[in-house]
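Undergrad: One structure is given below, represented as structure tokens, and several questions about it will come after.
Since every read-out is calculated from the coordinates, none of them should be taken as a lab result. Everything numeric here is computed off the predicted structure, so don't read it as measured data. Counting neighbours? That spans all protein chains shown, and the Cβs are built from the backbone with ideal geometry, glycine included.
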Amino acid sequence: GESVGLHLPTLSVQEGDNSIINCAYSNSASDYFIWYKQESGKGPQFIIDIRSNMDKRQGQRVTVLLNKTVKHLSLQIAATQPGDSAVYFCAENRRGAAGNKLTFGGGTRVLVKP
Amino acid sequence: DSGVTQTPKHLITATGQRVTLRCSPRSGDLSVYWYQQSLDQGLQFLIQYYNGEERAKGNILERFSAQQFPDLHSELNLSSLELGDSALYFCASSALPDPNEKLFFGSGTQLSVL
């Protein structure tokens, strides 16, 4: 299940530093956003979500920021650890005539340097 | 462990063949989603079922079909397989009919078409 060969933007971060991963979404009608982490050989794992009536939500070591004006979403990871090395995906609940779909962005690979 | 079970984990077959992928959702979840993850396309939504009925459709090829059974497990059928169908296929589940809550993903089925 490793995304070897997938041409992902990569964020290299020193262990202990903070990481910021950015995501742009396209549909102004999207009302729910979510971040997933995918480790090698595994399925996507939920990190944090946010609804469109909020602009910030915090979890354990993670914060999601939503800027609806510019349709931008970010994930901040505090004190990045080696176990945070993975591919991170944002997704939006995109409403449409053929049903509502959780649509994923292309992903960002995070590499944590010891 | 997400509680979503996918079988088989790996599948190797030849062009022109037909395969069936199976998914058992988390206990109590009525929605099942299928996603395809290939090296150059990221996570692509295929189709969603809710309580046995098709709920939303993505860019699923006509050669592909799915169904959800009364016991809520789902199968994704891929026929007339082509080399380009080689990918990781994920199933996810949730309780609600719309994807405005977190989805729980299985570990995926790696399909290799030779």
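Undergrad: How far apart, in nm, are two points set 7 Å out from the Cα along the Cα-to-Cβ line at A:Lys68 and at A:Gln14?
TA: 3.9 nm
Undergrad: In region B:93-114, which residues have a backbone nitrogen under 12 Å from the label point lying 7 Å from B:His10's Cα in the Cα-to-Cβ direction?
TA: Answer for region B:93-114: B:110-112.
Undergrad: Expressed as a whole number of Å, what is the distance separating the alpha-carbon centroids of region B:46-101 and region A:46-65?
TA: 28 Å
Undergrad: About the Cα centre of the protein assembly as shown, how large is the charge dipole given +1 on each Lys and Arg Cβ and -1 on each Asp and Glu Cβ? Please answer in debye to the nearest 20.
TA: I would put it at about 340 debye.
Undergrad: I've got another one for you. How much length is gained on full extension from B:Ser65 to B:Arg18, taking 0.36 nm per residue of separation minus their Cα-Cα distance?
TA: 15.8 nm
Undergrad: Roughly how many debye, to the nearest 20, is the charge dipole of chain A about its Cα centre, given +1 on each Lys and Arg Cβ, -1 on each Asp and Glu Cβ, and no other charges?
TA: In total the dipole reaches around 340 debye.
Undergrad: So if I place +1 on the C-beta of Lys and Arg and -1 on the C-beta of Asp and Glu, and nothing else carries charge, what would the dipole magnitude of chain B be about its Cα centre? I want it in debye, nearest 20.
TA: The dipole of chain B has a size of about 160 debye.
Undergrad: If N is the number of residues in the protein assembly as shown, what value comes out of its Cα radius of gyration divided by 2.2 N^0.38 Å?
TA: Computed over Cα atoms of the protein assembly as shown, the ratio equals 1.00.
Undergrad: Also: Label region B:59-103 by shape, choosing from rounded, prolate and oblate, from the square roots a ≥ b ≥ c of the eigenvalues of the Cα gyration tensor; if a/c is under 1.5 it is rounded, and otherwise prolate applies when a/b is larger than b/c, oblate when it is not.
TA: It comes out prolate by the Cα gyration axes.
Undergrad: Which whole-number percentage describes the relative contact order of chain B, with Cα contacts under 8 Å and a sequence gap of 6 or more?
TA: RCO, chain B: 37 percent.
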